[in-house]
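A quick write-up on the structure given underneath.
The values are calculated or read from the model by the stated rules, or taken from the named source; none is laboratory data. Quantities reported herein were computed from a predicted structural model and do not represent experimental measurements. With ideal geometry, Cβ positions are generated from the backbone for all residues, glycine too; neighbour counts draw on all protein chains shown. The accessibility values were calculated without ligands, DNA or RNA, using every heavy atom of the protein model including side chains. Shrake-Rupley method; radii C 1.70, N 1.55, O 1.52, S 1.80 Å.
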Amino acid sequence: MTQRCAQSSSQSISRPAGRSVTRSLSARLLAAGMVTLSLAGCGSGSWFGDSEPPPLPGERISVLRLERQLEPDPRLADLRVELPAPTANAAWPQAGGNPDHAMGHLALAAQPRQAWTADIGSGSSSDTRLLAQPVVAGGRVYTLDTDYELTAFDTATGREVWQVSVERENESGGALGGGAAFADNRLFVTTGYGELLSVDPASGAIGWRTRVPGPVRSAPSIANGRVFVITVDNQLIAYSASDGATLWTHTGILETAGLLGAASPAVDGTIVAAPYSSGELFALRAENGRVAWSDNLAAVRRVGALSNLADIRGMPVIDRGLVVAVSHSGRMVGIDERTGGRAWEQEIGGVDTPWVAGDFIFVLTNDNEVIALTRQSGRVRWVAPLARYEDPEDRSGPIIWTGPVLAGGRLWLVNSVGDLVALSPEDGREQQRFELPDGAFISPVVADGTLYVLTNDGTLVAYR
């Protein structure tokens with residue numbers, strides 16, 4: 001049988017001397033089929049019917065994944081991860097903390113304990129997902145549930161102060177996303193129905209309401225009397241915070257598919273960093289929307305269908321003249337805010353906001369790894385793997401992580417199976433672990449020495 005296989009294979013691919021190498025399509029397809037059939041027969045030991053030999057023992061590792069694996073830079077082996085001193089932030093007024101999303105090192109107790117829990121209303125279900133990050137300001141925590149109930153809680157006790165529906169009139173169900181932000185003693189709320197609202201934080205009374213030209217998945221960003229909103233079809237609109245009037249608009253490339261949720265723009269002085277699901281990153285002039293520079297974070301090398309999604313799901317960060325952003329498709333960059341030139345680039349894919357503190361950046365990757373990079377050059381200092389499956393042996397029950405947030409000398413993350421975990425920023429080793437009432441897909445927030453976690457079932461948990 002071995003001899004016949006070799007002869008068949010040889011006959012199917014050989015060409016008689018002196019004949020043209022040009023063949024008809026049918027002849028080439030026939031030859032290819034003969035090669036495939038003959039090789040299949042040789043590999044199994046017979047043409048049909050016999051079982052294949054058992055597979056080789058050992059764990060299967062994707063060659064493509066191994067090819068992209070990041071390792072710590074050996075030149076940084078002796079570099080100590082030094083953090084700036086913790087600072088007490090009285091508020092977390094917008095998604096990502098501040099409009100620029102650069103919060104540094106926040107103050108928190110070394111061993112925080114659960115202080116209280118509160119029910120915000122409707123959480124995630126099979127039809128919808130809780131996406132809005134809580135905001136904290138003026139001694140109150142504001143949350144937005146999946147039924148668009150906006151609720152204010154007292155930060156000291158967790159007691160509900162007021163609740164109001166911001167759902168569009170004569171509409172119910174079918175919308176997803178949105179969020180809240182606090183600025184100039186007003187709350188600004190976006191919804192998946194394509195609306196922007198101004199709300200009195202003291203009473204919950206709605207001041208004004210304006211239509212947005214598309215559904216909104218992310219919270220607004222506010223700076224210098226302007227409210228910046230990104231729609232699902234990659235439009236950035238600047239509104240007046242006083243009356244909701246449209247000031248200017250900018251449009252990116254329309255994408256037919258994207259990740260669930262969206263990123264809020266980063267604002268620093270005169271620049272708005274707008275992230276789009278197309279992988280485009282635009283730096284726009286805050287006063288008129290003109291393009292200062294642009295970049296694209298779509299990966300050059302794509303190794304699967306999901307890698308085609310270049311979505312910038314994590315919020316960009318503007319820190320001391322450097323814009324840091326990461327895309328889902330595997331590109332992370334540090335860009336000079338003034339010129340738009342890349343200071344560095346890494347093949348890192350992620351959907352969470354990078355955390356910048358001092359001379360280091362911490363980021364969660366699509367492969368459930370937390371990576372510490374140098375801010376100046378983007379070199380990898382350490383890589384800390386997190387649990388990927390509930391059952392590692394069978395590789396079943398995927399675990400989704402969200403974070404990190406740097407507070408009290410720890411990197412805080414939550415996951416889909418109900419864990420709140422603290423890692424060491426020096427080496428990524430686990431330091432603490434808490435059990436949550438449910439899994440969480442929203443990154444923790446920290447304000448006034450308290451860490452808040454919002455779980456999928458709509459439970460708000462405060463640790464201090």
Original post:
Which residues, counting only those in region 366-398, are part of a loop (DSSP other than H, G, I, E, B) and either touching a residue at least 60 places away in the same chain (Cβ under 8 Å) or over 26 Å from G439 (Cβ atoms) (or both)?
Top reply: D367, R375, Q376, S377, G378, R379
Subject >> Checklist (1) part of a loop (DSSP other than H, G, I, E, B); (2) touching a Ser or Thr at 6+ places or on another chain (Cβ under 7 Å) applied to A202, failing item >> reply: (2)
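Step by step: first the residues of region 327-344, then only those that are part of a loop (DSSP other than H, G, I, E, B) and within 22 Å of the chain's Cα centre (by Cα), then the one that is modelled with the highest pLDDT. Which residue is that? So that I can check it myself, show each step before the final result.
Residues of region 327-344 part of a loop (DSSP other than H, G, I, E, B): 327-331, 337-341.
If we keep only those that are within 22 Å of the chain's Cα centre (by Cα) too, we end up with 327-331, 337.
Numbers: S327: 94, H328: 93, S329: 89, G330: 91, R331: 94, E337: 97.
Out of the qualifying residues, it is E337.
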Original post:
What strands (runs of 3 or more DSSP E) lie completely within region 414-453 and have 1 or more residues being aliphatic (A, V, I, L, M)?
Top reply: 419-423, 445-447
Original post:
Which one of the conditions (1) among the small types (G, A, S); (2) open to solvent by 20 Å² or more (accessible area, probe 1.4 Å); (3) closer than 17 Å to I442 by Cα does G341 fail to meet, given that it meets all the rest?
Top reply: (3)
Original post:
What's the number of the condition V229 fails, among (1) β-branched (V, I, T); (2) assigned to a strand (DSSP E or B); (3) out of contact with any Ser or Thr (no Cβ under 7 Å at 6 or more places or on another chain)?
Top reply: (3)
**OP:** Quickly run through region 145-183 and pick out the residues that are part of a strand (DSSP E or B) and either over 20 Å from Q94 (Cβ atoms) or open to solvent by 10 Å² or more (accessible area, probe 1.4 Å) (or both).
**Re:** E149, D154, E160, V161, W162, Q163, V164, S165, F182, A183
